[in-house]
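Below is one structure, written out as structure tokens, with a few remarks after it.
No value in this document is a laboratory result; all are computed from the given coordinates. These numbers come from a predicted model, not from an experiment. All Cβ positions, even for glycine, are placed from backbone atoms using ideal geometry, and neighbour counts span all protein chains on display.
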Amino acid sequence: MTLVKEPLWRQTLDLLSSKLDASSYDTWFSSTSATWTENTLVIHVPSQFILEWISMHYLPALRESIEKAAGKPVEFSFKVDESSRKRWEDQIKKGHDAALETGTKAVPKAIAYQPSAEILKGIPLNQRYNFDNFIIGNSNRFACAASMAVGESPSMSYNPLFIYGKVGLGKTHLLHAIANHIRRTQPEKRVLYVSSEIFLNEMVRCLRSNRMDEFRTGFRDIDVLLVDDIQFMEKKDSMQQEFYQTFNALFEHSKQIVASSDSHPRDIQVFDKLRSRFEWGLTVDIQSPDLETRIAILKKKCELEGLMVPNDVILLIAESMRNNIRDMEGSLTRVAAYASLTKQELTLDQARQVLRDVLNIETRVVGIDRIQNETAANYNIKVSELRGRTRTANVVMARQVAMYIARELTQASLTEIGESFGGKNHSTVIYAIERVREEMEKNGVFVSQVDNLVRRIKA
Ligand code: ADP
Ligand code: MG
């Protein structure tokens, strides 16, 4: 507790502290002091930001308390007093150490009104999740471009921006990237990132303590609201209602809203009006990344974390995990950890061993065997020829078809397919698959031959 010398101010603070909840009082008033200049009470606050915050939120309470303490109306004004800033920072740090950013400017950049532990948990942004570290491919190009546009000029481009896609494809990354970008380029903007879960927890907390007014002003007093995983609101009616109100209030004041979800707004079970709000702006999706993008993401991750992982291992991971970047990164971390533990250069075989449960190689190889046997029989050649290097037209054709079918019917990666065919590399497999596809496009007889073969293999 600080020593407040000015008696009127001390009384005012006492009155305020009985009026406000402890954390608001501590945050906004405990580091203030006051002096007199002529007949005006000059209230010293640690920063311009606090000055604005108090004026915006506590002016009536403040005026009332001063008047009560003095027994008459008193003129007052504010002054930013840098000397108390350190004290305020310490104060804040004590209460919300992990949550509040106290950078050189010592101003919390993301505002969650009366900072409560719950809500602030949602605020710290992952600095890694920025646009520089986001690899762009066909699967996410549009989502990324829209996010960048919103990051550059919030409320001016797409509002709301709705990003949807399956788990592990980069939605949270993009939301953080937008928030990080705005905080850096427009620090005066109040940016709030929350998961839907945190939004709900905070709402419930305020409901219980009869503080919904605060909740509402809090959420409506921001410039950019990013809400992650909207699907969490399904079947939670009062939450949807509350979010709907928040949405409208922000939207009316041209504030930017960004939301993410695992599916398109039309497929989310929320009430119609809310759903249609989501559809007002721009809806973009993120698809599973193609092989090239997956490789680039893994390489980027190696670069960022200083991991030494050979290219063939990267390829193995990129090929076997097509639908979830988080899983892919997890595998990369596992093999890298293994290599650093054993202090060995990682080999492809070791990587397979480490990842055998996720790759499930055994079952795939069995599938390819069957494909080879049936294909060889179909083309009247030996399986060894299929796996060998013979370049006669008939064998080459059979080999390409078998590779194509292996890709279609099994979960095997390109590398694995290549290996099952006598150690061919993955680009040979890609080439084979493309040749077969091209042929199928122009040759109906060929299509039915391949179809028949596939049916036999499946039987
Ligand atoms: P979601 O929120 O859609 O479930 P995340 O944003 O949490 O997915 O992404 C999962 C992981 O994949 C994160 O570590 C993220 O950084 C990474 N990631 C996703 N997409 C990309 C990308 N295009 N470039 C780089 N990393 C990515
Ligand atoms: Mg996410």
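Set the Förster distance to 35 Å, then compute FRET efficiency between Asp349 and Val204 from the Cβ-Cβ distance, nearest 0.05.
So, using R0 = 35 Å, E works out to roughly 0.10.
Among Ser413, Thr293, Leu304, flag the residue with its Cα farthest along the positive direction of the charge dipole of the chain, charges on Cβ as +1 for Lys/Arg and -1 for Asp/Glu.
Ser413
Provide, for q = 0.11, 0.22 Å⁻¹, the log10 of I(q)/I(0) from a solvent-free Debye sum over equal Cα point scatterers in the stretch 274-402.
The Debye formula, applied to the Cα set alone, gives -0.60, -1.13.
Just the Kirkwood number for the stretch 255-304, please: inverse of mean 1/r across all distinct Cα pairs, in Å, one decimal.
After inverting the pairwise mean of 1/r, the radius is 13.6 Å.
Any idea what diffusion coefficient the stretch 346-459 gets from Stokes-Einstein, in µm²/s, Kirkwood Rh on alpha carbon pairs, 10 °C, 1.306 mPa s?
110 µm²/s
Past 24 Å, Cα to Cα, is the threshold; run Lys171/Lys236; Lys5/Lys72; Lys166/Lys189; Lys300/Lys343; Lys5/Lys79; Lys382/Lys442 against it and keep the listed order.
With Cα atoms farther than 24 Å apart: Lys166/Lys189; Lys382/Lys442.
Which order do Arg63, Arg437 fall in if you start with the one that has the fewest other Cβ atoms within 10 Å? Could the numbers behind the result be given before it?
Details: Arg63 14, Arg437 10.
In increasing order of surrounding Cβ atoms, one gets Arg437, Arg63.
When the distances between all Cα atoms of the stretch 174-311 are binned every 10 Å from zero, what whole-number percent does each bin get?
10, 34, 30, 16, 8, 1
Could you work out how far apart the two model spin labels at Asp272 and Asn311 are, taking each label as a point 7 Å from the Cα in the direction of the beta carbon, and quote it in nm?
Rounded to a tenth, the inter-label distance reads 5.8 nm.
Counting only C-alpha contacts under 8 Å and six or more residues apart, can you give the relative contact order of the stretch 117-271 as a whole percent?
Relative contact order, the stretch 117-271: 29 percent.
With a point put 7 Å past each Cα toward its Cβ, work out how far Gln127 is from Glu152 in nm, to one decimal.
Between Gln127 and Glu152, the simple spin-label model gives 2.6 nm.
Suppose we keep just the alpha-carbon trace of the stretch 204-246; what are its Rg and Dmax in angstrom?
Computed over the Cα atoms of the stretch 204-246, radius of gyration and Dmax are 11.0, 28 Å.
Relative contact order, percent, of the stretch 378-442 when contacts are C-alpha pairs under 8 Å separated by at least 6 residues? Working shown, then result.
On the way: 53 pairs, mean separation 19.8, N = 65.
Once normalised by length, the contact order is 30 percent.
For an R0 of 22 angstrom, estimate the FRET efficiency from the Cβ-Cβ distance between Ala61 and Glu82 and round to the nearest 0.05.
Plugging the Cβ-Cβ distance into 1/(1 + (r/R0)^6) gives 0.30.
How far is helix 48-57 tilted, in degrees, relative to the longest principal axis of the Cα atoms in the chain, given as a value from 0 to 90 rounded to the nearest 10?
80 degrees
The chain: percent of C-alpha pairs farther apart than 33 Å?
Tail of the P(r) past 33 Å holds 54 percent of the pairs.
Which whole-number percent gives the relative contact order of the chain, counting Cα pairs below 8 Å spaced six or more residues apart?
Dividing the mean separation by the residue count of the chain yields 11 percent.
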